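> Dropping a structure here in structure tokens format, bear with me for questions.
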Amino acid sequence: MSDKTSNQMWGGRFAAGPDAIMEAINASIGFDKRMAKQDITGSRAHAAMLAAQGIIDPKDAEAIREGLLTVLSEIEGGSFEYSTALEDIHMNVEARLREIVGPTAGRLHTARSRNDQVATDFKLWVRDQFDAFEGGLLALMKALLGQAEAGADWVMPGFTHLQTAQPVTWGHHMMAYVEMFARDLSRVRDARKRMNECPLGSAALAGTGFDIDRHMTAAELGFDRPTANSLDAVSDRDFGLEFLSAASICAMHLSRMAEELVIWSSAQFRFVTLSDRFSTGSSIMPQKKNPDAAELIRAKIGRIFGANVALMMVMKGLPLAYSKDMQEDKEQVFDAADNLMLALAAMEGMVKDMSANRPQLEAAAASGFSTATDLADWLVRELNLPFRDAHHVTGALVAKAEAKGCDLPELTLEDMTSVHDGITEAVYGVLGVHNSVASRLSYGGTAPTRVREQVARWKEVLA
């Protein structure tokens, strides 16, 4: 479309068309065309409201709404021709609508501005992404529950500082991620509820003198209510920032789990085997099976974090109400949403397909003096030692085991009593890893009984 058409859209204020540089920096159609469906949905609701309020003729409203459906079908069918001269998706749609229905199309923009129009379109798009975000989290949590239920009593090492700490169960470790992603789910639902107010009808910044019904358009578009302040409505991008914030925290959780999968699938650990669907080979080393999906998830956090910071920087110094800076809001959110959903889907697939190596997990759980805390607790319970004294005795026994090249259960009773003469044969009952995890019965503990209770609770919640 020509610059003349663009000037007509702007009105009579400009005598000359923009040069190529201004057109390039000003145009957003290259990315905001992703909001075409939301733009047309909002416009159809606006036209219906204008007719219901007697602001435009019902016949004009019907022609507009039918014409918009034609535009949408062209866009979805791939035949729509976008023009950078028309700047954005709103102008592109309106110009094509004018070609379809004639001058009647000009009535559509009564009682609204591109400022409230873009805020509404973007909110509708982000709301759809929150819904997809929720679906991705639910699917991943269910995959983790499947792993937790299958391995509720499989022992493995629990780590602090990536050093063997105490035995835990595979199910308990999987449930840790369920809790983590449950917090993400809570943030998503909370933010979606907070953002669900409709900006449409705020016009440029001050509202409109036309007798519009904002509650009608809000209800038609699935919002809980219209926004209460027109200045805030057109200048607010908190909903985009909250999406990016929730996405960033979730991406961090995904990255932590991806890191564990990279470590666990290595030849040195062999805790898990990832399926061929989420691994690749090497072009030169035939033995390699690389956890590329996990590594890419781990990397994507940078893009999502970056989007969050970028939009914060765009918004931080803007006076009320709308500034053109805010055109830079969408690409960040679009990219973050794409990468987040891909990462969630990939993690769900890996979790569903991966196989835990139970014998290797158990062997690792029994190494590294992982039951030292159980020994210290036994000394407190059975010999009534103060915990600090029990800690010292246990440390001496660990040193003795290290010197002998064995683990704590392999020390003889004579070895034990040489450090403290009150130790009896009964101590060996707490030194096995299965006994250790079974004893951790406190609420939230790793005991298989507690893990199964949490699995059942979450299955009920997610159902």
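The values are calculated or read from the model by the stated rules, or taken from the named source; none is laboratory data. Quantities reported herein were computed from a predicted structural model and do not represent experimental measurements. As a convention, Cβ positions derive from the backbone with ideal geometry for all residues, glycine included, and neighbour counts pool all protein chains shown. The area values use the complete protein model at the heavy-atom level, side chains included, leaving out ligands, DNA and RNA. Shrake-Rupley method; radii C 1.70, N 1.55, O 1.52, S 1.80 Å.
> Using Cα atoms only, what is the angle between the long axis of helix 89-101 and the major principal axis of the chain, expressed in degrees (0 to 90) to the nearest 10?
40 degrees
> Can you pull the percent of the chain's accessible area that's carbon plus sulfur, 1.4 Å probe, other chains left in place?
Carbon and sulfur atoms account for 52 percent of the accessible area of the chain.
> In nm, give the distance between the simple-model label positions of residue 204 and residue 74, each being 7 Å from the Cα along the Cα-to-Cβ direction.
According to this spin-label approximation, the distance is 2.9 nm.
> Note the full-extension length gain between residue 309 and residue 238 as 0.36 nm times their separation in residues minus their Cα-Cα distance, in nm to one decimal.
Length gained between residue 309 and residue 238: 24.3 nm.
> Amide H of residue 27 versus every other amide H placed in the peptide plane: which residues, excluding those fewer than 5 positions away on the same chain, fall under 5 Å?
Amide H neighbours of residue 27, under 5 Å, 5+ apart: none.
> Counting only heavy atoms of protein chains, what accessible area per residue, in Å², does the chain have with a probe of 1.4 Å?
The answer is 46 Å² per residue.
> Right, another one. To test your reading of the geometry: what angle, between 0 and 90 degrees and rounded to tens, separates the Cα axis of helix 238-264 from the longest principal axis of the chain?
The helix 238-264 is inclined about 30 degrees to the chain.
> Same structure again: So if I take the centroid of the Cα atoms in the range 102-152 and the same for the range 162-184, what is the distance between those two points in Å?
30 Å
> Sticking with this one: In nanometres, what is the gap between the two model label sites at residue 194 and residue 53, each 7 Å from Cα along Cα-to-Cβ?
Going from the residue 194 label point to the residue 53 one covers 2.9 nm.
> Suppose R0 equals 51 Å. What FRET efficiency, 1/(1 + (r/R0)^6) with r the Cβ-Cβ distance, do residue 224 and residue 256 give to the nearest 0.05?
After rounding, the FRET efficiency stands at 0.90.
> Next question. Expected output is a single nm value to one decimal: the length gained when fully extending between residue 176 and residue 341, i.e. 0.36 nm times separation in residues minus the C-alpha distance. What is it?
Using 0.36 nm per residue and subtracting the Cα-Cα distance, I get 57.3 nm.
> If you don't mind, there's one more thing I want to ask. Under the Karplus relation 6.51 cos²θ - 1.76 cosθ + 1.60, θ = phi - 60°, what is the ordered set of whole-Hz ³J(HN,Hα) values for the range 381-396, x standing for Gly and Pro?
5, 8, 10, 6, 6, x, 4, 5, 5, 4, 4, 5, 4, 4, x, 5
> Separation between the residue 292 and residue 138 pseudo-spin-labels, each 7 Å from Cα along Cα→Cβ, expressed in nm?
Going by the 7 Å Cα→Cβ label model, 3.2 nm.
> While we're here: Which label belongs to the value computed from this structure, given these candidates for Cα Rg over 2.2 N^0.38 Å: [x] 1.04; [y] 0.94; [z] 1.36?
Computing Cα Rg over 2.2 N^0.38 Å and matching it to [x] 1.04; [y] 0.94; [z] 1.36 gives [z].
> OK, next. Would you mind counting up the charge near residue 96? Only other residues with Cβ under 9 Å from its Cβ, with Lys and Arg at +1 and Asp and Glu at -1.
-3
> Determine the calculated [θ] at 222 nm for the chain from helices alone, applying -39500 (n - 2.57) to every DSSP H run no shorter than 4 residues and normalising by the residue count; nearest 500 deg cm²/dmol.
-20500 deg cm²/dmol
> Taking R0 as 25 Å, what's the FRET efficiency between residue 383 and residue 435 from their Cβ-Cβ distance, rounded to 0.05?
Efficiency at R0 = 25 Å is approximately 0.85.
> If you fit an axis through the alpha-carbon atoms of helix 58-77 and take the longest principal axis of the Cα set of the chain, what angle between them do you get, 0 to 90°, nearest 10?
It is inclined by approximately 50 degrees.
> Can you compute the FRET efficiency between residue 320 and residue 62 using 1/(1 + (r/R0)^6), with r the Cβ-Cβ distance and R0 = 51 Å? Round to the nearest 0.05.
Taking R0 as 51 Å, the efficiency between residue 320 and residue 62 is 0.85.
> So which chymotrypsin sites (Phe, Trp or Tyr not before Pro) in the range 364-463 pass both tests, a DSSP loop state and at most 15 other Cβ atoms within 10 Å of the Cβ?
Sparse-neighbourhood loop chymotrypsin sites (Phe, Trp or Tyr not before Pro): 443.
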